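Data block below; observations after.
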Amino acid sequence: MAGSASVLEDGSLLSRLDRALLKLEWGMAFISGLGAFSLMLLAVWSVGGRNLFNEPLRGYVDWIQAAMPVIAIFGISYVQRQGGHIRMDILVGALGGRALWLAEFLTTLLVLVLMVLLVWGTWAHFDRSFDMTKPNWSRDSSIDIGLPIWPAKLVVPVAFSVISLRLLLQLWGFGRAFVLRIERPVAVPLVQTAAEQARAEADHMQGHGA
């Protein structure tokens, strides 16, 4: 699994692009969190309405289905930037120097190829659902209250496109580190040692206590 990671910054073009994309990723992750919070409010509304007025929220399951892609997928690029996705750190951590950056470059390249294929496939899936000549611009809808399904389908290729941009930046970072023999490259997640994790957590706690 992925351990705690840090991302270094400097004044280079790569780092500036990294920080610019991070703003978009943070916003998408925030929307994902709002989606989870909204589902909690809907659950309270549905249960409260059922118990107090014998009238639960109509289409509750439909709303859950519509919100799930936002909650599950919209923040994946932010997690990739932070190095939070599942990975074999026990193997990668045993490498060092150019061997490490080569391994990171190759695995990132494989993931990028997969994500590009997924962007193509999920966009086609969205396109089959979207039709401006139909009611609500949708060829299909949810079973209970007829919510259009295309917005939920559009979330997926958008999120996959953003993570593809993130993977391109990380390829640049890992390739640059390999060619120039950079020990601590910018714009890529660097796995922290236990001591570095403890130091970062202590600094974080001191910041809250200030």
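Highlighted here are the helices (runs of 4 or more DSSP H) found entirely within the stretch 72-159 that include at least 2 residues which are closer than 24 Å to Leu34 by Cβ, without any contact (Cβ under 8 Å) to a residue 40 or more places away in the chain and under 20 Å from the mean Cα position of the chain (by Cα): 97-129. Could you give every pair whose Cβ atoms fall below 8 Å, whose first residue belongs to the stretch 12-25 and is closer than 15 Å to Pro185 by Cβ and open to solvent by less than 60 Å² (accessible area, probe 1.4 Å), and whose second residue is charged (D, E, K, R) and in a helix (DSSP H, G or I), counting only separations of at least 6 or pairs across chains? Here the result reads Leu14/Arg176; Asp18/Arg81, each pair linking the stretch 12-25 to a residue that is charged (D, E, K, R) and in a helix (DSSP H, G or I).
Being of a type in the set (S, T, N, Q) and out of contact with any Leu (no Cβ under 9 Å at 6 or more places or on another chain) is the filter; apply it to the stretch 1-50 and report the residue that is nearest to Leu91 (Cα to Cα). Checking each candidate, the answer is Ser4. For Leu8, indicate whether it is touching a residue at least 60 places away in the same chain (Cβ under 8 Å) and within 18 Å of Val191 (Cα to Cα). In short, yes. Residue count for the stretch 67-95 under the criterion of being of a type in the set (Ser, Thr, Tyr) and open to solvent by less than 30 Å² (accessible area, probe 1.4 Å): the result is 1.
Scanning the stretch 47-66 for residues being within 15 Å of Asp144 (Cα to Cα) and open to solvent by less than 100 Å² (accessible area, probe 1.4 Å) gives a total of 8.
Of the residues screened, Ile149 is not one that is crowded, with 19+ Cβ neighbours inside 10 Å, more than 29 Å from Tyr60 (Cα to Cα) and among the β-branched types (Val, Ile, Thr). Residue check: Met132 meets all listed conditions (1) touching an Asp or Glu at 6+ places or on another chain (Cβ under 6 Å); (2) open to solvent by 60 Å² or more (accessible area, probe 1.4 Å) but one, namely (1).
Conditions tested, residue by residue: (1) at pLDDT 95 or above; (2) open to solvent by 30 Å² or more (accessible area, probe 1.4 Å); (3) touching a helix residue (DSSP H, G or I) at 6+ places or on another chain (Cβ under 8 Å); (4) farther than 27 Å from Phe30 by Cβ.
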{"site": "Val113", "(1), (2), (3), (4)": "yes, yes, no, yes"}
{"site": "Leu118", "(1), (2), (3), (4)": "yes, yes, yes, no"}
{"site": "Ala124", "(1), (2), (3), (4)": "yes, yes, no, yes"}
{"site": "Trp137", "(1), (2), (3), (4)": "no, yes, yes, no"}
{"site": "Asp144", "(1), (2), (3), (4)": "no, yes, yes, yes"}
{"site": "Leu154", "(1), (2), (3), (4)": "yes, yes, yes, no"}
{"site": "Pro157", "(1), (2), (3), (4)": "yes, no, yes, no"}
{"site": "Leu165", "(1), (2), (3), (4)": "yes, yes, yes, no"}
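Within the stretch 167-184, the only residue that satisfies the criterion of being in contact with a strand residue (DSSP E or B) (Cβ under 7 Å, 6 or more places away or on another chain) and surrounded by fewer than 19 Cβ atoms within 10 Å (Cβ to Cβ) is Arg184.
The set of residues in the stretch 12-22 that are part of a helix (DSSP H, G or I) and farther than 14 Å from Gln82 by Cβ comprises Leu13, Leu14, Ser15, Arg16, Leu17, Ala20.
The values are calculated or read from the model by the stated rules, or taken from the named source; none is laboratory data. Please read these numbers as outputs of a predicted model, since none were measured by experiment. Every residue, glycine among them, receives a Cβ derived from its backbone with ideal geometry; neighbour counts consider all protein chains shown. Accessible surface is based on the protein model in full, side chains and every heavy atom, while ligands, DNA and RNA are left aside. Shrake-Rupley method; radii C 1.70, N 1.55, O 1.52, S 1.80 Å.
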